[in-house]
Amino acid sequence: MSRYNAKEVETKWQSIWEDKKTFEAHADVTRPKYYVLEMFPYPSGNIHIGHVRNYTMGDVVARYKRAQGFNVLHPMGWDAFGLPAENAARDKNVHPAEWTFANIANMRRELKSMGLSLDWSKELATCHPGYYGKQQALFLEFIEKGLVYRKESWVNWDPVDMTVLANEQVTDGRGWRSGALVEKKKLDQWMFKIADFSEELLKGLGTLDRWPERVRLMQENWIGKSQGAKVNFSISDSDDSLEIYTTRPDTLFGASFMAISADHPLTHILLKDNPAIAEFVAECHRMGTSEEAIEKADKKGVDTGLTCDHPLIEGKKLPIYVANFVLMDYGTGALFGCPGHDQRDLDFARKYDLEVIRVVAEGDDEQSPIENVPYTGPGLMMNSEYLDGLTSDDAKTAVIERLEGQGLGSATTNYRLRDWGLSRQRYWGCPIPVIHCDTCGTVPEKAENLPVILPDDVTFDKPGNPLDHHPTWKHVNCPSCNKPATRETDTMDTFVDSSWYFARFCAPRNDLPISKEDTDYWLPVDQYIGGIEHAILHLLYSRFYTRAMKITGASEIDEPFSGLFTQGMVTHETYRSESGAWLLPEEVIHNDNGDPVHIETGEPVIIGGIEKMSKSKKNVVDPGEIIDKFGADAARWFVLSDSPPDRDMEWTDAGATGAWRFKQRLFRFITENIDKIAIKGTEKPSDFSKGALVLRKEAHKAALQVTDNLEKLHFNNAIARIYEFMKALGDFKVSDTAGDPWALREAMEIMVHLVGPMMPHLSEELWEMLEGEGLLADSPWPQADISLTVDDTVTMAVQVKGKLRATIEVAKDEDAKKVEEIALAQISVQNAIGDNPIRKIIVVPNRIVNVVI
RNA sequence: GCGGGUAUGGCGGAAUUGGUAGACGCGCUGGUUUUAGGUACCAGUUCUUUACGGAGUGGGGGUUCGAUUCCCUCUACCCGCACCA
């Protein structure tokens, strides 16, 4: 018996697919399209198991849809700009480009060894001028349409990476990449007007019915829509006023102070003459924005000495404080404090001994003074003059009406989403194609001068931006007046690169950034697959870009990804030596007693928790070694088989071995029984043995259920069904009946098709043995014969008082009376009923009989 | 604090959405072969009981002939956001 040689077979089919350009996609309006995309990788050097899981899932979808007759686009590229390349340049003295392209070459080789049905002719790398030059062209169009602007603003400054971060890139006050505490700094920044699209981005979520609910909710929260009012409070004894935003205009009569942000324009004026304010503002800027810092920080403020006139209470004056809890970038950076109905305001009021007024009754009659807990719910108004007795909802409307009448305020919708700052003070990114001219100001580069190419000769020995240090690169003539000017040395946030790559993939070598003809056909992406970690950042930015591209006329679509699937992580057990050092999985073996020990020293090993694979805990497995040991097919099979795809899965050697065993078993069964099957193309005989009929049913049921599971991306269930089918196939013995060899061939062919998307190499090999026409990758998906998937007899459960007492075999759709009769004839049923009178018998056709006594 | 999710054997997980709970895989137990094996095959494997039977999907309650599934309530864990006015 020959063993299946995975290495040989896998490379054989990989080169055949490549030679035949099997997976090259071409737009063809006469055919239905399907665009499958997995989030493209950052070329860090090697693929990891998470990539294997991600790309295997995408590949199964791609191959399955292809077999279903779709014209499938399944491209791959590289999210290739970013800091690690600069770090490598500094640490290892290699040029970022050299480092990146070497990593790409290695990872491309690794991906190819997985046998993915990718169209490599469409490969792109964002660090290639052919890509980023087009990104610059698109950017110029964005400038022209007013989608980008420049403004001096407070930014999140990462002191380790020496660059600006977007709000989305700051978690717990720390940079998403460096982990350093982020500082506030004021810089000239390029901004995308994403906030203008808040409502559209929010509404669009409603159309994304093939996105996980979770991701839509996260985006919804991020956009943070709230309904409220803007109110102008006039500053006492002056012509100036202070505009605030509130979601609780109903509590206006409970106002007892005003608070403005440390960065509020009014604060800026006041601090000049008031050292106390100046000192407080400085303190606010020193304070971190981390979770701990915020939790520990008291609600603090400093009295400006100014007051506001209450808009609805004649003669009432409200002191204005600069307060540390007021954010400049939410609402108007100013608020009125209502201690009775807001915890934060109450804390502040207690600290500075300010009035606490209850204006909303709790329940019907709870009107007691507020003590330590504010009442934040709805209720009937009180202490509020003309509002008294109204519900808080009605009071909101009434207050807004009054304020509008007086020209003091209006109903407003506020969003938390802020504009996206894209400037980064880095070398390895897409240069922002603008020039700063003393005479003309900020001038976009001329389209014919694109791409603005990164200079090769840069050094990384100084902190800061190498582009800025470069002796000549930034010195150019103004495109407008031709006088000496300076090129912008900031580069774009790498999230810009990934905000439109899905569109570029449709025609990656086109002169235009986006080929409308091609995107009209291919977009939107039908199935996008990637990690949940991009639920906000990348996906929201891409949705913004899609809208912006519609405005520039580059594309027509509304949403970039009509289907989104977020796959879970791959985890692994952790191992430590007794000294506490982390150990790699391959350093651990089990000794004769079954205890885990170190492979070399024999020392006992402590098995720790199952955690996300990470280099620091060494609980990683190398895909290259896995593929080498088990073969790509087995690796693919295992990452799909055990856990539902959206959940975390644990990588275990035993599981991979199981996959490997199945592969061997299938191969063996077909090679050993190939001489028993009917000759290819034999006409279907009419005479089948009983066993053959059973097999045919199993085959067609499997075809139906696997199809169904693949449609739903329930890969683990699809695999379970295949295992069941394999068992039936293995049990089948060809008899003398004429139809049996034919049935065996049919079953084998169906099996090979069903396994195909998951184990493409093995199934091509088997398809060839079965003398299948052309490549399996090109052949259509098996259609289940529905008449074979329904049995003519069914097993029905018989319950007495809801407890199972027997099962009966009856004809499908058997008459209820007859079923009842058979059920009641069962000894076990009669025993259970005993002497009790039968009150009712419920018969659910083909499922269950329940005798109620 | 706000929002969301999850809970089923020793483990990963199934269950056509109210109809035989535990499919399938891993592990384990016993057996049969064998070319050494971490090979292959067969049987078994929720708990309890000698058996008949009984119990059982995080806990408690409810609706129903019937609940893993629907409702109420509690508990535990996980995730996202968070000084958002």
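Tabulated values for the structure
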item: For the stretch A:537-596, alpha-carbon Rg and Dmax in angstrom; result: 24.2, 70
item: Binned Cα-Cα distance frequencies in the stretch A:54-133 - 10 Å width, integer %; result: 17, 39, 28, 12, 3, 0
item: Under the Debye formula (equal points on every Cα, no solvent term), log10 I(q)/I(0) of the stretch A:143-301 at q = 0.19 Å⁻¹; result: -1.47
item: Neighbour net charge for A:Lys230 - beta-carbon separation under 11 angstrom, K R +1, D E -1; result: -2
item: Computed label-point distance, nm, for sites A:Ala797 and A:Leu824 using a 7 Å Cα→Cβ extension; result: 2.3 nm
item: Protection proxy ranking of A:264-275, A:125-136, A:661-672 - average other beta-carbon atoms within 10 Å, highest first; result: A:125-136, A:661-672, A:264-275
item: Isotropically averaged projected area of the stretch A:383-517, using the convex hull of Cα atoms (one quarter of hull area), nm²; result: 16.8 nm²
item: Cα pair distances in the stretch A:1-154, grouped into 5 Å bins until the bin that holds the longest one, percent each; result: 2, 8, 13, 15, 16, 15, 12, 9, 5, 3, 1, 1, 0, 0, 0
item: Mean Cβ neighbour count within 10 Å, used as a protection proxy, ranking A:704-715, A:176-187 highest first; result: A:704-715, A:176-187
item: Value at 222 nm in deg cm²/dmol, rounded to 500, when DSSP H runs of n ≥ 4 in chain A each add -39,500 (n - 2.57); result: -11000 deg cm²/dmol
item: For A:Tyr34, residues with placed amide H under 5 Å, excluding near neighbours; result: A:Asn71, A:Val72, A:Leu73
item: Among A:Gly377, A:Ser779, A:Pro471 - extreme Cα towards positive end, dipole of chain A, charges at beta-carbon; result: A:Ser779
item: For the stretch A:501-621, the Rg and Dmax computed from alpha carbons only, in angstrom; result: 23.7, 70
item: Net charge, A:Thr267 excluded, C-beta distance under 13 Å - Lys, Arg +1, Asp, Glu -1; result: -4
item: C-alpha center-to-center spacing [the stretch A:208-266, the stretch A:1-44] in angstrom; result: 53 Å
item: Under 14 Å, Cβ to Cβ, from A:Val852 - net charge with Lys/Arg +1 and Asp/Glu -1; result: +4
item: Per residue, in Å², the accessible surface of the stretch A:371-450 once ligands and nucleic acids are set aside, probe 1.4 Å; result: 47 Å²
item: Of all accessible heavy-atom area on the stretch A:737-853, the percent that carbon and sulfur account for (1.4 Å); result: 50 percent
item: Packing-based ranking, highest mean first, of A:452-465, A:76-89 given that Cβ atoms within 10 Å are counted; result: A:76-89, A:452-465
item: Area of A:Ile357 that stays accessible when all protein chains are in place (1.4 Å probe, Å², to 10); result: 30 Å²
item: Cα centre as origin, Lys/Arg/Asp/Glu Cβ charges: chain A dipole, Debye; result: 1380 debye
item: Accessible solvent surface per residue of the stretch A:772-853, calculated while the other protein chains remain in place, 1.4 angstrom probe, Å²; result: 62 Å²
item: Of all accessible heavy-atom area on the stretch A:1-105, the percent that carbon and sulfur account for (1.4 Å); result: 51 percent
item: Cα pair distances of the stretch A:292-433 binned at 10 Å [whole percent]; result: 9, 29, 35, 15, 7, 5, 1
item: Whole-number D in µm²/s for the stretch A:417-492 (Stokes-Einstein; Kirkwood sum over Cα pairs; 37 °C, 0.692 mPa s); result: 250 µm²/s
item: Two-site label geometry, A:Arg210 and A:Lys680: point separation in nm, points 7 Å out along Cα→Cβ; result: 3.4 nm
item: Cα-only radius of gyration and Dmax that characterise the stretch A:1-83, units Å; result: 15.6, 53
item: Carbon and sulfur %, accessible surface of the stretch A:117-193 computed with the full protein complex present, 1.4 Å; result: 48 percent
item: Solvent accessible area, Å² - A:Trp660, 1.4 Å probe, full protein context; result: 70 Å²
item: Tail beyond 25 Å, pair distance distribution of the stretch A:634-766 (Cα, percent); result: 27 percent
item: Fraction of antiparallel bridges per DSSP, chain A only, in percent to nearest 5; result: 80 percent
item: Span-like helix ranges in chain A, DSSP H, alpha carbon extent 18 angstrom or more, Kyte mean at least -1.0; result: A:49-67, A:96-112, A:129-144, A:392-405, A:537-552, A:653-673, A:690-711, A:715-731, A:740-755
item: For chain A, convex hull volume per residue from C-alpha positions, Å³; result: 272 Å³
item: Spatial separation of Cα centroids for the stretch A:567-630 and the stretch A:93-154, in angstrom; result: 35 Å
item: Largest-first ellipsoid semi-axes for the stretch A:566-640, taking √(5λ) over the Cα gyration tensor eigenvalues, angstrom; result: 24, 16, 10
item: Dipole of the stretch A:81-229, positive direction: furthest Cα of A:Val164, A:Phe101, A:Leu217, with charges on the beta-carbon; result: A:Phe101
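The values are calculated or read from the model by the stated rules, or taken from the named source; none is laboratory data. Computed from a predicted structure; not experimentally measured. Counting neighbours? That spans all protein chains shown, and the Cβs are built from the backbone with ideal geometry, glycine included. All accessible areas refer to the heavy atoms of the entire protein, side chains included, with ligands and DNA or RNA removed. Shrake-Rupley method; radii C 1.70, N 1.55, O 1.52, S 1.80 Å.
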